[in-house]
Each structure stands twice: as C-alpha cells, then as structure tokens.
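The values are calculated or read from the model by the stated rules, or taken from the named source; none is laboratory data. Since we're looking at a predicted model, the values are computed, not measured. Backbone-built Cβ (ideal geometry, glycine too); neighbour counts: all protein chains shown. When the accessible area is computed, the model is the full protein with side chains, heavy atoms only, and any ligands, DNA or RNA have been set aside. Shrake-Rupley method; radii C 1.70, N 1.55, O 1.52, S 1.80 Å.
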Amino acid sequence: QRILEHARKAFNERGVTAVGVREIARDLGLSPGNVSYHYPTKEDLVGALMRDAHARNNALVDSPPPGEGFEQADAVLRSIMRRDLESRWLVRDLPGLLATFPELRPLHEVMQRARDARTERFLGRLVAAGLLDGERVKQRLPELRVQILTQIFFWVPSAILAAPDSDPAERLELHARAALALLVPFCTPGGRRKLEALLDRRG
C-alpha cells in the first residue's frame, strides 16, 4: 500500500513516464528489488493503481452514501469526481499509457465493461425510484453512457485545459452540476422537478 500511495502521488506530480521504479524505491527507502517483488514492471504498478481506483468506485456505487434519489446520486458522482482528483494521473495520462503500454489494453477493456455496468446500476436505481423514464433510458443508453463517461471520467483534463494555472478542484462544482444535468432529458415529470430543484440549489 505504501508503494501504491507513493506512486500515485509521484505520478500525479510528474506524470507516469517521468517516474521510474528505482526512483519510487529510493524515495521509500527500499531496494528496487523490494518494489519489483510486488510489482515486477512499471506496467504492473500502473495496473494495480487502475484496479484500485475502479474497485473503490465500484464499492461506492454498490454501497452508496445515505440519502435517496438525486441527492444520493449527486453524492456518488461527487465522491467519484473527488477521487479522480486523487488519481488525476490516470484520467490525464491514460490515453497515452494505452498507446505506450499495449499490455494494459486488456485490463482497460475489462474495466470499461465494469464502468458501463456501474453506470447501468446507477441509472437503474433512479429508474426504480421513478425519477428516470426507464424506456427512454433504455433507448438512449449507449449515448448516455458515452456522455456520462466523458463528463465524469474526463472532467479533470477538461478543468485543466479550461484553467491551466488553477487547481482543477475549483471547477468540481461546475462539472458535477453538468454531469447531473445530463439526466434532465431522461426524467419523469416528477423526477424533472426534483432534479431541477437540486440543480438550482447547487447553482
């Protein structure tokens, strides 16, 4: 866990390609062999961090915070987005990593399927609560999945591009509202009133 936490911090600060396993070992007062025992290659270390991030997000969706309806959905989205700040290297560097380390692609594909399933569980809970129109969600699910992935998974790079000299955390509120607003066209009449009221409070 110490290795993972230090690697996450170093990757956030300098990027994956600029940080070597030997540097991580030196910073932790370990021999390179000790780090390699747990993670034989840098790709193994990156893969472990990817799995850790996905496991935490899956646990959050499966055991959401207290609350109900859109309030609970908002809390889940914000928790995932705050976690993206903790692992900003992943959402910032992943496209390049998949090109540089093809061996990561099968893991990415597995996690993409898990992300799709997580999104469907998230939406299904809102449908079951009568807040989203189940038929409309079903008809537009592929498009909606892409929109949610783009808005949530890539919000950190978007925030950095919009204000490169600022902390992306300053734009979390704006992006969280934008993510929730994606659901407005899929709401039932009662759900729309509740979601718009929540967005107004957040605004």
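Sort through Ala53, Ala73 and tell me the only one that's among the small types (Gly, Ala, Ser), buried (at least 16 other Cβ atoms within 10 Å of the Cβ), in a helix (DSSP H, G or I) and touching a residue at least 60 places away in the same chain (Cβ under 8 Å). Give the steps one after another, and end with the answer.
Working: Ala53 fails: touching a residue at least 60 places away in the same chain (Cβ under 8 Å).
The match here is Ala73.
Going by the structure shown, is Arg136 over 11 Å from the mean Cα position of the chain (by Cα) and within 22 Å of Arg193 (Cα to Cα)?
In short, yes.
Give the stretch 52-98 a look and list any residue that's of a type in the set (A, V, I, L, M) and closer than 24 Å to Lys42 by Cα, or say none.
Ala53, Ala55, Leu85, Leu90, Val91, Leu94, Leu97, Leu98
Residues of the stretch 1-41 being out of contact with any Asp or Glu (no Cβ under 7 Å at 6 or more places or on another chain), free of Cβ contacts under 8 Å to residues at least 24 places away in the same chain, part of a helix (DSSP H, G or I) and under 28 Å from Ile160 (Cβ atoms), which ones?
Scanning the stretch 1-41 gives Glu5, Lys9, Ala10, Glu13, Arg14, Glu23, Ile24, Asp27.
Go through (1) surrounded by 16 or more Cβ atoms within 10 Å (Cβ to Cβ); (2) of a type in the set (Lys, Arg); (3) touching a residue at least 12 places away in the same chain (Cβ under 8 Å) and name the single condition Arg202 misses.
(1)
Testing Val127 on (1) free of Cβ contacts under 8 Å to residues at least 24 places away in the same chain; (2) surrounded by fewer than 16 Cβ atoms within 10 Å (Cβ to Cβ), one condition comes back false. Which one is that?
(2)
Against the definition (open to solvent by 60 Å² or more (accessible area, probe 1.4 Å) and under 30 Å from Asp44 (Cα atoms)), how does Thr150 come out, yes or no?
yes
Filter the stretch 92-118 for residues that are open to solvent by 50 Å² or more (accessible area, probe 1.4 Å) and of a type in the set (Lys, Arg) and give the result.
Of the residues in the stretch 92-118, the ones open to solvent by 50 Å² or more (accessible area, probe 1.4 Å) are 92, 95, 99-100, 102-103, 105-106, 109-110, 113.
Residues satisfying the conditions are Arg92, Arg105, Arg113.
Hey, any hits in the stretch 83-91 for a residue that's open to solvent by 30 Å² or more (accessible area, probe 1.4 Å) and hydroxyl-bearing (Ser, Thr, Tyr)?
No, the stretch 83-91 has no match at all.
Output the residues belonging to the stretch 133-143 that are closer than 17 Å to Gly191 by Cα and open to solvent by less than 40 Å² (accessible area, probe 1.4 Å). Steps first, answer last, please.
To start, the set of residues in the stretch 133-143 that are closer than 17 Å to Gly191 by Cα comprises 133-138.
Answer for the stretch 133-143, where residues must be closer than 17 Å to Gly191 by Cα and open to solvent by less than 40 Å² (accessible area, probe 1.4 Å): Gly134, Val137.
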